[in-house]
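Asks: I have a structure I would like to understand better, so I am pasting it below and will then ask my questions one at a time.
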Amino acid sequence: AEHMHLHMPPAQIVVASNRGPVSYALQADGSLAAGRGGGGLVSGLSAIGQQGDGDGGAVWVCAALGEGDREAVRRAGRRLDPGDTGGHPVRMLDIPPGTFAAAYNGVANSVLWFVHHLLYQTPLEPVFDLEFRSQWAAYETYNAAFADALAEEAADGACVLVQDYHLTLVPGMLRDRRPDLRIGHFSHTPWAPPDYYRLLPDDVAEQVLRGILGGDRAAFLTARWAEAFAACCAAVLGAEVLRSAEGTATAVRFEGRTTRLGVHGLGADADFLRERAHRPDVEERMAALREQIGPGRKTIVRVDRTELSKNIVRGLRAYRRLLEERPQWRGRVVHIAFAYPSRQDLAVYRDYTAEVERVAREINSAFGKEDWQPVALHVKDDFARSLAAYRLADVALVNPIRDGMNLVAKEVPVVSEHGCALVLSREAGAAAELGDEALLVNPYDVEATARALHEALLMDTGERAERTKRLAAAATALPPARWFMDQLRALQAP
Ligand code: G6P
């Protein structure tokens, strides 16, 4: 496939992210089944049209995540089959499995994820030992593989949009290889405050910041995360933070270069969701859920990847407190909890999944009756069923310890059938946009969360519908396509 690359015009827009728009599963008969990746990035990228390689349009560079993906790369060569990717030119990198696992699991999803979500607490505090050092070396190799591929793909003066904590070193590495490019980095996670960020080894803390500052722009989901990033640059690197007249951090100046800061609060894709939520598979699942809930009962819904920052266990404990303290709800409410598997290669995530299951079982055995099961926990990922639950929900519980944005909080009000009260963590990025209409809670405060659930269940239907309308308007203010184009324009601006 190498010779093909000579005929391929380089791209004007290049997106880089760990997870791409498609994933492959190897079937028993040796064929590959392509599944379309969801998420805002996929719908955002469709905004730049179905430009093929032929017109020097856009290319998406991502990593092969498993054996199915690797096999697809071996079979397809430099570009995946456009039939699998919704027409988008996608280059998937087959990074050696050991390097990938150390970078993705060891550094990105253990250390960097934990730092930005403030998840380290005794006895989970990190130990930066020899194993971490070899994982960090793998993270550098993995970032360099992206930088090499991007340097090859990008046309003269092209815009490159690098996504998330997996790829923090890429902007700096790419700048060294291709000083002509416009490079932006976007963080989908929160950013840790300096005192917490500094638990990283000094050289790692520095390299991550230097890496992002190698780009022309560093963008975040809310102003709070952008400010924290600027504060880390000042505290760790001694960089200068430039501010607007109102005091907002607008850029970071370091070693003679200026990196502009930006905020783009990714919103829900209303058109896609409303259409998708009314397909027959969703209707079927609504019928099944109604059956499970039983007539005349209220429904509290949560939908998360099973992941420590999502705070599912405290959410269940709050629900338990509701049933203990307010017996009037016994038999009158069902908590539908979807906790979908995530990052199961890591023991902390697996242990957390087991704990979620245990706490749900405890509630059911403490309060359940023959004709009423208080918690319905589902762990098998099913997007159609999530949408069905969104449509039915009376209350949605979104209580992360910290979250870059949280799209569930934005999707529920868009799809909700008869209005849904939202109990929302004040530590989710979404709280900055939805805080006026949601019931905000401190995610650590189980008692306060239980009270908020009670209030939400009691909210009268008129008020609930009104609030849901306003929530939906706020939640869809920056749909993925605009979110993507805004970033691109800001990066192109002189
Ligand atoms: C977060 C990250 C994304 C990531 C997603 C799913 O939203 O910001 O970059 O893709 O989690 O996690 P996974 O490890 O399955 O890609």
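Just so it is clear, none of the values below were taken in a lab; they were calculated from the coordinates. Everything numeric here is computed off the predicted structure, so don't read it as measured data. Quick reminder, even Gly has a Cβ in these numbers, built from the backbone with ideal geometry, and neighbours come from all protein chains shown.
Asks: Can you list, largest first and rounded to whole Å, the semi-axes you get for region 241-311 by taking the square root of 5 times each eigenvalue of its Cα gyration tensor?
Replies: The answer is 46, 16, 12 Å, longest axis first.
Asks: While we're on this one: Relative to 2.2 N^0.38 Å, what does the C-alpha radius of gyration of region 81-190 come to as a ratio? Two decimals please.
Replies: So the Cα radius of gyration is 1.20 times the expected 2.2 N^0.38 Å.
Asks: From the alpha carbon gyration tensor of region 420-467, can you work out the equivalent ellipsoid semi-axes (sqrt of 5 times each eigenvalue) and give them in Å, largest to smallest?
Replies: 18, 15, 5
Asks: If you take the beta carbon distance between GLN27 and ARG290 as r and set R0 to 41 Å, what does 1/(1 + (r/R0)^6) give as a FRET efficiency, to the nearest 0.05?
Replies: 0.75
Asks: Among residues other than PHE146 whose Cβ falls under 12 Å from its Cβ, what is the net charge (Lys/Arg +1, Asp/Glu -1)?
Replies: That sum, taken over residues with Cβ under 12 Å, equals -3.
Asks: Turning to a different aspect of this structure: Counting only pairs 8 or more residues apart or on different chains, how many lysine pairs in the chain have their Cα atoms under 24 Å apart?
Replies: Close lysine pairs under the 24 Å cut-off: 9.
Asks: With +1 on each Lys and Arg Cβ and -1 on each Asp and Glu Cβ, and nothing else charged, work out how big the dipole of region 311-444 is about its Cα centre, in Debye to the nearest 20.
Replies: With only Lys, Arg, Asp and Glu charged at Cβ, the dipole is about 320 debye.
Asks: How much length is gained on full extension from GLU417 to GLN121, taking 0.36 nm per residue of separation minus their Cα-Cα distance?
Replies: Extra length from GLU417 to GLN121 when fully extended: 102.6 nm.
Asks: Counting only trypsin sites (Lys or Arg not before Pro) that sit in a DSSP loop (anything but H, G, I, E, B) with at most 16 other Cβ atoms within 10 Å, what is the longest stretch of the chain containing none of them?
Replies: The longest uninterrupted stretch comes out as 1-197.
Asks: Name the long-range amide H neighbours of ALA396: under 5 Å, sequence gap of 5 or more, or other chain; modelled H, no Pro or chain starts.
Replies: VAL301, ALA421, LEU422, VAL423
Asks: I've got another one for you. Separation between the ARG74 and ARG274 pseudo-spin-labels, each 7 Å from Cα along Cα→Cβ, expressed in nm?
Replies: Between ARG74 and ARG274, the simple spin-label model gives 4.7 nm.
Asks: Put +1 on the Cβ of each Lys and Arg and -1 on the Cβ of each Asp and Glu in the chain; which of GLY57, PRO413, LEU237 then has its Cα farthest toward the positive end of the dipole?
Replies: PRO413
Asks: What is the Rg over Rh value, at two decimals, for the chain, using alpha-carbon atoms and the Kirkwood definition of Rh?
Replies: On the Cα set of the chain, Rg over Rh gives 0.97.
Asks: To continue, here is another question. Which residues make up the longest stretch of the chain that has no GluC sites (Glu not before Pro) in a DSSP loop with at most 16 other Cβ atoms within 10 Å?
Replies: In the chain, the maximal stretch lacking such sites is 1-245.
Asks: Based only on Cα atoms, what mean projected area does the convex hull of region 81-124 have, in nm²?
Replies: Averaged projected hull area, Cα only: 4.8 nm².
Asks: Separate question: Return the whole-Å distance between the Cα centroid of region 138-154 and the Cα centroid of region 357-407.
Replies: 40
Asks: Once you order the gyration tensor axes a ≥ b ≥ c over the Cα atoms, which shape class does region 327-399 get: rounded for a/c under 1.5, otherwise prolate or oblate by comparing a/b with b/c?
Replies: oblate
Asks: In percent, what relative contact order does region 97-176 have, based on Cα pairs under 8 Å that are 6 or more apart in sequence?
Replies: 39
Asks: Something else about it: Testing the spin-label approximation: label points 7 Å from Cα along Cα→Cβ at GLU355 and VAL379. State their distance in nm.
Replies: 1.5
Asks: So if each residue of separation counts as 0.36 nm, and I subtract the Cα-Cα distance between ALA366 and ASP94, what length gain in nm does that give?
Replies: 93.0 nm
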